[in-house]
Structures are given as C-alpha cells and as structure tokens.
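Below is one structure, written out as structure tokens; the observations come after it.
The values are calculated or read from the model by the stated rules, or taken from the named source; none is laboratory data. Just so it is clear, the model here is predicted, and its values are computed rather than measured. Here the Cβ positions follow ideal geometry from the backbone for every residue, glycine too, while neighbour counts run over all protein chains shown.
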Amino acid sequence: MFLAASDPRVVPDSDQRATLEPEDRGLLAQMRLSALRCRSRSRIELAQACAMVGTRRDIPPDTVLDALIRTLGEALGRSPRFYRPTARALSFDESWLLRLIAALRDDDLTSATFLLHSRVPAQVRRSLVHLVARVASDSDALTRLADATDDPASPKLERIAS
C-alpha cells in the first residue's frame, strides 16, 4: 500500500544528517562517495587490504577509506547499504560504521568493542579494527576533503550521484 504525500498518516522525511556532528557529516559524505567509487570495483579480502594499508602513512586517507568500504561486506557477511550522497536518511550500516569510527576516534573502547561484537565475526575483527582505526585517525583529513563536496549542488557530487 502506498500513501499519497497529502495523506495525514505520512510523516515528512526528516534530515537525519542534521543530528550528526559536523565532522561526522563530512565523514558520511566521504563514505558515500567512496561507496559509489567502489561499486564498480572488485571486492578485496580483508587480509589483502590490511597488507596494502599496513602501517604506511603515505597512503591517502580516501584510499584507506576505499579499502575499508571494499572489504566491509566480507566482515559483515553481506553487502553493506550506503545511500546516495544527497540522501537525507542514514542506513543502519552507515550509522553503525560512523559510530564505530567515532568510538575509536574518541578512545571509547567499550563502545567500539560492543559495536564490533554485535556484527562482526571473531575471525575478522582484528583486520577490520585495523582499517577502521586508520580511517578514524585520518577522519580530520577526510572531513576536509568532504568540505569541497558537501554542497549538494556541487558539479562533482551531481556527476557521481547520478
């Protein structure tokens, strides 16, 4: 059953991004752009991504984020859901990943442990934490990258989102 927009039972969509901290909004934008970039690329194994990223600091933050997004399906046991960059709602996977990154960024190990144990099998947790911790440590740089593409009218954002 579909409801018309004029139906009183229809609640207008609220912008869930407005409840996020500004740095998390920028990170969400970068995650969504990364998911679009990685959509047509092949998946890589977690071990391969960890070996690629390693402890090298010369790897750009968006490359580390791409490695995380490309391997997230293996860690979760299913393909994660990312919405388009202009979407106002957050998927459960986006919200979960943002909370995990924030917990590691803020050294909230209790929350990070809970989030990991709730969705990620034990055999891949260490590898996933390695990638997420790198993204968390580079989140400031990723947020600065997102500032240029945060405008929904941005030509680059429109080109990728279409």
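Which of the residues that make up segment 38-53 are in contact with a helix residue (DSSP H, G or I) (Cβ under 9 Å, 6 or more places away or on another chain), free of Cβ contacts under 8 Å to residues at least 60 places away in the same chain and under 20 Å from R81 (Cβ atoms)? C38, R41, S42, R43, I44 - these are the residues of segment 38-53 that are in contact with a helix residue (DSSP H, G or I) (Cβ under 9 Å, 6 or more places away or on another chain), free of Cβ contacts under 8 Å to residues at least 60 places away in the same chain and under 20 Å from R81 (Cβ atoms). Counting only residues that are assigned to a loop (DSSP other than H, G, I, E, B) and in contact (Cβ under 8 Å) with a residue 40 or more places away in the chain, segment 63-79 holds 1 of them.
Any chance segment 53-68 includes a residue that's of a type in the set (D, E) and under 17 Å from T143 (Cα atoms)? Yes, segment 53-68 contains a residue that is of a type in the set (D, E) and under 17 Å from T143 (Cα atoms). Here segment 82-118 is the region considered, the condition is being surrounded by fewer than 19 Cβ atoms within 10 Å (Cβ to Cβ) and among the charged types (D, E, K, R), and the residue that is nearest to the chain's Cα centre (by Cα) is R99. Do we have T110 as hydroxyl-bearing (S, T, Y) and in a helix (DSSP H, G or I) here? So T110 fits the description; yes. More than 24 Å from S40 (Cα to Cα), among the β-branched types (V, I, T) and surrounded by 14 or more Cβ atoms within 10 Å (Cβ to Cβ): does that describe V64? No; evaluated as a whole, the condition is false for this residue. Within segment 113-123, the set of residues being closer than 17 Å to D93 by Cβ and either of a type in the set (S, T, N, Q) or part of a helix (DSSP H, G or I) (or both) comprises F114, L115, L116, H117, S118, R119. Of the residues in segment 43-61, how many are exposed (fewer than 13 other Cβ atoms within 10 Å of the Cβ) and over 23 Å from W96 (Cα atoms)? Residues flagged as exposed (fewer than 13 other Cβ atoms within 10 Å of the Cβ) and over 23 Å from W96 (Cα atoms) within segment 43-61 amount to 7.
Of the residues F114, F92, F82, the single one that is farther than 23 Å from R39 by Cα and either at pLDDT 90 or above or in contact with a Pro (Cβ under 8 Å, 6 or more places away or on another chain) (or both) is F114. Within segment 80-114, the set of residues being under 17 Å from L128 (Cα atoms), in contact (Cβ under 8 Å) with a residue 60 or more places away in the chain and in contact with a helix residue (DSSP H, G or I) (Cβ under 6 Å, 6 or more places away or on another chain) comprises L98, I101. Regarding segment 45-52, can at least one residue be identified that is polar (S, T, N, Q) and either under 14 Å from the mean Cα position of the chain (by Cα) or assigned to a loop (DSSP other than H, G, I, E, B) (or both)? No, there is no match, as no residue in segment 45-52 is polar (S, T, N, Q) and either under 14 Å from the mean Cα position of the chain (by Cα) or assigned to a loop (DSSP other than H, G, I, E, B) (or both).
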